[in-house]
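Comments concern the structure below.
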Amino acid sequence: MLDRESTFADPTIVKLLQTRFIPVAIDQAYQRRQKDNEGRFYQKIANQGPRKIGRGTTQGLYTADASGMLLAFTNNRGAQRVQRMLQTALQKHQPVKVAAITKGSPDARYNPQPPKGGLVVRVTSKILSGYEEPENEFRRIFQTSLGRDNLWIRADEHTTLARGQLPKSLLKRLARYHLVDNTRGEPTMWRENEIEKLEGKITNGQLRATVQLKTAKGDRGYDTQIFGKIETKNGKITRLDLVAKGQFWGEGAYTRNAPKGKFPLAIAFTLADGKDTADTIPPQGSRGWVQGYIQ
C-alpha cells in the first residue's frame, strides 16, 4: 500500500505502465524459490540484476523483454528514479520474437489456494494516531499508510460460524497472524505463547472478543476488543464485518519507526466477494507453510 501513494501515484509512471509496459506484481519470496516455468523465468531475470537467486531477497522493480533479458532495475521508491529506470528500459528495448512460455505444472508449495468450501476475508489495518510530525514526505506516507492482507477460513470453520459458533482455531489464527501492525512493512507474527488472553463468542449474529498479546520481554503487544456482525443464508456466511481496535506498542524487525509508547491500531475484517484480484493472494502468515497457518 506504501507504493500506491508514492511510486505508483506519480502520473508519469502510471501512464508509462499503462501504455508502454505490461505490469506484473509478484511475491518474490515465492518466485525466487519456485521450481516451475514461472519461477524459472523470474529467476532468469533476477540473476541478471544485482540481487542473485540464493543470496537472500531479490526484492525490487525489474523491467525485462519477452525473452527474459533484464533491461533495467531499481529498488528505490522515489518517483524520479523509477521514471529514469523505465525510460532506460524503453531505450534499451529491441522487440524480439520468442516462443510463449508454457504454463506447465505449477510448484504447489508456492501456489497455495484458499481452502475449498472456506472463506476469504479482506484485512485492512491503520494506525489512528500517535506519530510525531514527519520530517519529510516519504515519512508522511509511511505514517498514513494502510496494511492489507487476507484471512483464510477453513470449510469446517465456515460451517461452525454459520451455526452461530466461534471456532477457537479461527480466533487463534486471526490473533496470531492478523492482529499485527503491518502498516510500515512486513510484520512479526505472534507466537502461540504470546497470547495472554483469547476469548470470544457469537450471540444473535454479533461477535465480541477480547485479545491480549505480548512478547515475553513486554517490548511489543496489543490489547484489543473485536466487535462485528455475521449474517448467514442457507448455511453459508453472507456477511462478515469485524473491527479490532485497541492499544498496540512496539515494532518488528521490518516495521521500524512505530509511534512511541502505546498507540491506537484498528484492523477491519470484511468478507471478500472475489471481484478483486488481490482476493486470491495468500495470507502473509501462510508464506512457506500454509498447513501451519491454516491448522
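Each value in this text was obtained by applying a stated rule to the coordinates, not by laboratory testing. All of these numbers come straight from a predicted model, not from anything done at the bench. For neighbour counting, all protein chains shown are included, and Cβ atoms are generated from backbone atoms with ideal geometry for every residue, glycine included.
Of note:
- Degrees, to the nearest 10: 79-92 long Cα axis against longest axis of the chain: 40
- Cα-only radius of gyration and Dmax that characterise the range 178-295, units Å: 15.6, 48
- Ellipsoid equivalent to the chain - semi-axes via the Cα gyration tensor, in Å: 37, 24, 17
- Check: the chain dipole with +1 on Lys, Arg Cβ and -1 on Asp, Glu Cβ, in debye: 520
- Prolate/oblate/rounded label for the range 1-103 (Cα gyration tensor, a/c 1.5): oblate
- The alpha carbon centroids of the range 15-73 and the range 208-282 are separated by 32 Å.
- Summed side-chain charge close to LYS172 - residues other than LYS172 whose Cβ falls under 14 Å, Lys, Arg +1, Asp, Glu -1: +1
- Nearest 10 degrees, 0 to 90: helix 37-46 Cα axis against the chain principal axis: 60
- Among 90-102, 254-266, 195-207, the order from most to least packed when residues are scored by Cβ within 10 Å on average: 254-266, 195-207, 90-102
- Entry note, the chain: the mean residue ellipticity at 222 nm calculated from DSSP H runs of n ≥ 4, each adding -39500 (n - 2.57), is -6500 deg cm²/dmol after division by the residues and rounding to the nearest 500.
- Each Lys and Arg contributes +1 and each Asp and Glu -1, all at the Cβ; summed about the Cα centre of the range 103-204, the dipole is approximately 580 debye.
- Put a dot 7 Å past the Cα of ARG256, heading toward its Cβ, do the same for GLU133, and the two dots end up 2.4 nm apart.
- Pairwise FRET efficiency - TRP289 versus ASP156, Cβ, R0 = 25 Å, nearest 0.05: 0.80
- Relative contact order, whole percent, for the range 113-294 stands at 26, derived from Cα pairs under 8 Å and 6 or more residues apart.
- Rounded to the nearest 20, the Cβ-based charge dipole of the range 2-109 about its Cα centre (Lys and Arg +1, Asp and Glu -1) stands at 320 debye.
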